[in-house]
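Notes to accompany the following structure.
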Amino acid sequence: FVPCLAGFASGLVWVAMIADEIVSITQALGLILGLSEEILGLTIVGFGNSLGDLITNLTLARMGYPMMALSACFGGPMLCLLLGVGIAACGYMTRAGLNGSFEIPFTSPTILVSTACLLFNSVLFLISIPRYGYHMTRAIGLVALSVYLVGMA
């Protein structure tokens, strides 16, 4: 049992070290290219985080489980947002000795635009997919892709 725990702990340490290096490389790339942290997070880090989900969801859809794939498109990011932000906020408040709340500086127009695009796409899916009898059409996909591209511009 002890060797299993040691192996698990060793794996966690490796993942943490590699994640730190990836963050450092991404920040260096941002400095070289003159990109803000928000743009790096929305593009490079976002693509890296979503690549596994993309492959899994495409595989599910091709295997004949489109509803599971569509649900996973919302479920994965929702879990990441709720648990990731929730655990990070609780950890920060514990380390800082805060009991109530803390202010998140919201000064970047990039974050505001990307949040608006995310909300727009979510409402688009909420309305259009049931309206078309739970069929995903090419038009819905193109509109969603266009909203993403406009948000990144």
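The values are calculated or read from the model by the stated rules, or taken from the named source; none is laboratory data. Bear in mind the structure is a predicted one, so any value in this text is a computation, not a measurement. Quick reminder, even Gly has a Cβ in these numbers, built from the backbone with ideal geometry, and neighbours come from all protein chains shown. Please note that ligands, DNA and RNA were not included when accessible areas were found on the heavy atoms of the full protein model with its side chains. Shrake-Rupley method; radii C 1.70, N 1.55, O 1.52, S 1.80 Å.
A compact table of results
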| quantity | calculated |
| --- | --- |
| Test for residue 24: is it part of a helix (DSSP H, G or I), surrounded by fewer than 11 Cβ atoms within 10 Å (Cβ to Cβ) and more than 21 Å from the chain's Cα centre (by Cα) | no |
| Pick from the range 57-88, criterion more than 26 Å from residue 41 (Cβ to Cβ) and free of Cβ contacts under 8 Å to residues at least 24 places away in the same chain, ranking: surrounded by the fewest Cβ atoms within 10 Å (Cβ to Cβ) | 64 |
| Residue among 10, 50, 24, 36 that alone is under 30 Å from residue 135 (Cβ atoms) and either among the polar types (S, T, N, Q) or touching a Lys or Arg at 6+ places or on another chain (Cβ under 7 Å) (or both) | 50 |
| Count - residues of the range 125-136 that are surrounded by fewer than 12 Cβ atoms within 10 Å (Cβ to Cβ) and modelled with pLDDT under 85 | 2 |
| Members of the range 27-59 that are among the polar types (S, T, N, Q) and more than 19 Å from the chain's Cα centre (by Cα) | 59 |
| Selection within the range 137-149 - among the hydrophobic types (A, V, I, L, M, F, W, C) and surrounded by 12 or more Cβ atoms within 10 Å (Cβ to Cβ) | 140, 143, 144, 147 |
| Residue within the range 46-67 that is touching a Ser or Thr at 6+ places or on another chain (Cβ under 8 Å) and either closer than 22 Å to residue 23 by Cα or not in a loop (DSSP other than H, G, I, E, B) (or both) present | no |
| Test: residue in the range 109-124 that is touching a Gly at 6+ places or on another chain (Cβ under 6 Å), part of a helix (DSSP H, G or I) and either open to solvent by 100 Å² or more (accessible area, probe 1.4 Å) or small (Gly, Ala, Ser) (or both) | yes |
| Neighbours by Cβ (under 7 Å, 6+ apart or cross-chain): first from the range 23-51, under 22 Å from residue 113 (Cβ atoms) and without any contact (Cβ under 8 Å) to a residue 24 or more places away in the chain; second open to solvent by less than 60 Å² (accessible area, probe 1.4 Å) and aliphatic (A, V, I, L, M) | 26/40; 30/40 |
| Scan of the range 38-75 for residues that are of a type outside the set (A, V, I, L, M) and under 25 Å from residue 153 (Cα atoms), ordered by number | 38, 41, 43, 46, 47, 48, 49, 50, 52, 53, 73, 74 |
